[in-house]
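Since the structure comes first, as structure tokens, the remarks are kept for the end.
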Amino acid sequence: MSNEQLKLRRMILAALFAAITGILAQMTIPLPLVPITGQTLAIGLAATILGARYGTISIMLYLALGAVGVPVFAEMKSGISVLFGPTGGYLVGFIPTAFIIGFYMEKSSFTFKHAMVANTIGMIVTLVIGTAWLKMSAGLPWAGAFKGGFYPFIPVGLIKAALAASIGIGVRKRLVSANLLGTVTPGMKHTI
């Protein structure tokens with residue numbers, strides 16, 4: 001397979017994960033300040049399966065779709081106002097989260113153990129950025145921001161990290177064996 005064909009396949013997969021993120025975002029459990037959603041599971045899956053570059057591209061595409069008015073954010077919301085609202089930090093935090101998860105995976109190995117570590121780190125990155133944003137935009141004290149925007153998400157975040165690790169590694173293996181993804185050797189830079 002040529003580099004151009006492989007790049008096209010990875011771009012298609014990135015677009016597919018942007019759509020999956022929009023679908024999983026609609027799975028919500030309402031909480032007073034910030035709802036629990038399936039978005040973070042989708043971010044972990046995208047980065048675990050696609051790696052740093054294409055996992056991050058998928059999340060940037062997802063955010064761009066929501067910003068221009070496609071209702072892909074939680075509760076079928078969209079628009080720039082959502083990105084700059086009190087919960088916008090979680091959305092913006094998905095970009096470094098996807099990159100960090102994918103980067104960690106590429107520098108270590110695509111195993112459940114490493115995927116669990118990467119997704120746990122990613123969960124913390126999202127929560128820290130989102131909580132800091134929530135504190136500033138909603139004018140909350142740090143204690144209130146952590147109480148409403150960080151602590152409630154740790155148990156479910158660990159469950160989603162385990163799901164993203166388990167499902168992500170399984171799907172990645174199948175995509176690699178079907179020659180739909182190509183491979184990234186740990187420590188090796190992308191050529192595409």
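We did not get these values from a lab; they are worked out from the coordinates using the rules stated. The model shown is predicted, which means the values in this text are computed figures rather than measured ones. We place every Cβ from the backbone using ideal geometry, glycine too, and count neighbours over all the protein chains shown.
Numerical summary
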{"read-out": "Nearest-20 debye value, the chain charge dipole, Cβ charges on Lys, Arg, Asp, Glu", "value": "380"}
{"read-out": "Stretchable slack from Ile12 to Ser81, in nm (0.36 nm times residue separation minus alpha-carbon distance)", "value": "22.0 nm"}
{"read-out": "0 to 90° range, to nearest 10: angle between helix 154-177 axis and the chain longest Cα axis", "value": "20"}
{"read-out": "Per principal axis, descending, Cα span of region 115-164 in whole Å", "value": "35, 15, 11"}
{"read-out": "GNM flexibility winner over the chain from Ala18, Ala138, Ala67 (Cα, springs under 10 Å)", "value": "Ala138"}
{"read-out": "Kirkwood hydrodynamic radius (C-alpha pairs) into Stokes-Einstein, region 3-177, 37 °C and 0.692 mPa s, D in µm²/s", "value": "207"}
{"read-out": "Label-point gap, in nm, between Ser166 and Met27 - each point 7 angstrom along Cα→Cβ", "value": "1.2"}
{"read-out": "Crossing angle, helix 39-67 versus the chain [Cα axis fit, 0-90 degrees, rounded to tens]", "value": "50"}
{"read-out": "Formal net charge of residues neighbouring Ala118 (Cβ-Cβ distance under 11 Å; K, R +1; D, E -1)", "value": "+1"}
{"read-out": "Coil-residue chymotrypsin sites (Phe, Trp or Tyr not before Pro) of region 18-105, DSSP, other Cβ within 10 Å capped at 15", "value": "Phe84"}
{"read-out": "Difference of contour (0.36 nm per residue) and Cα-Cα distance, Ala178 to Ala64", "value": "38.0 nm"}
{"read-out": "Distance in nm between pseudo-label sites at Asn3 and Ile124 (7 Å out along the Cβ direction from Cα)", "value": "3.7"}
{"read-out": "Helix-only CD estimate at 222 nm, as mean residue ellipticity for the chain, using -39500 (n - 2.57) per DSSP H run (n ≥ 4)", "value": "-24000 deg cm²/dmol"}
{"read-out": "Percent RCO, i.e. relative contact order, over the chain, from Cα pairs under 8 Å lying at least 6 residues apart", "value": "25"}
